[in-house]
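Working notes for the structure below.
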Amino acid sequence: MLLARKVIGFYLEDIETPLGRFINLAITSLVLVSSAIFVIETYPISNNLKEILDSVDIIILGIFAVEYLLRFWCADSKVKYFFSLYSLLDLLAILPFFIGLVNISFIRILRWFRILRLVRFIQKKFLFERISSEDSIIFARILFTLFAIVFIYSGLIYQVEHPINPNFNTFLDAVYFSVVTMTTVGFGDVTPVSQVGRLLAVLMIMTGVALIPWQVGNLIRQFIKASNQVETLCPICQLSLHDADAQYCKICGTKLAKSL
């Protein structure tokens, strides 16, 4: 039993072996498919297609639930794992599956947080296996952060406003509102009417004022930093990009073939 826990736990975290990469790539794909299903269902579709998408979503949620239980079972410290960031994100992703069994409809709002499960893979060099520069990985993480913020806020405002507000017909309407609100442009042609919707709009503005300039600033700094680097392959760690005047590798300290 202990051996089985170690083996399963290893492959759930591993990204080096073919099986580990396949498992993690499959989970990543399911997250994206599930998010796409939510977006598609905000548009007018036939009942047959909706039933198919709902069935696929239930299957995906079931897989997520099994994965969560396996990770919990394999954890050395159950309490520490339960309160970890990744565990809480995973739990947010599967709560609609379990609580939905007792028909609490508002819990479906949590489904928009499922995109955050990708944080587990963004933190690794898993989605960027062909990127040798750590700066490029940071760049991708910043883009993902901005995307996730807009996606989640758009999903939440759509879930809250769509039943009572004709201005929120589709997910694209919600994206439009989120972007113009978070960038503090505020055209005013689309406005929330519910109290919860207005609260979300306030949170969007606060996020836009505080977080987006910070992330965009990081993005610009990465662009400037990348423009000052040249390609020189380190013979030890294989890092390909270094500062123009670097004589030693910044990762492993190996002397570079030539001074740049």
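Just so it is clear, none of the values below were taken in a lab; they were calculated from the coordinates. Everything quoted here is computed from the prediction, not taken from an experiment. Cβ atoms come from the backbone with ideal geometry, glycine included; neighbour counts cover every protein chain shown.
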Sorted by chain and number, the residues with a modelled amide H under 5 Å from that of Y248, at a separation of 5 or more or across chains, are L256
With the crude spin-label approximation of a point 7 Å out along Cα→Cβ, what separation in nm comes out for W73 versus L92? 2.7 nm
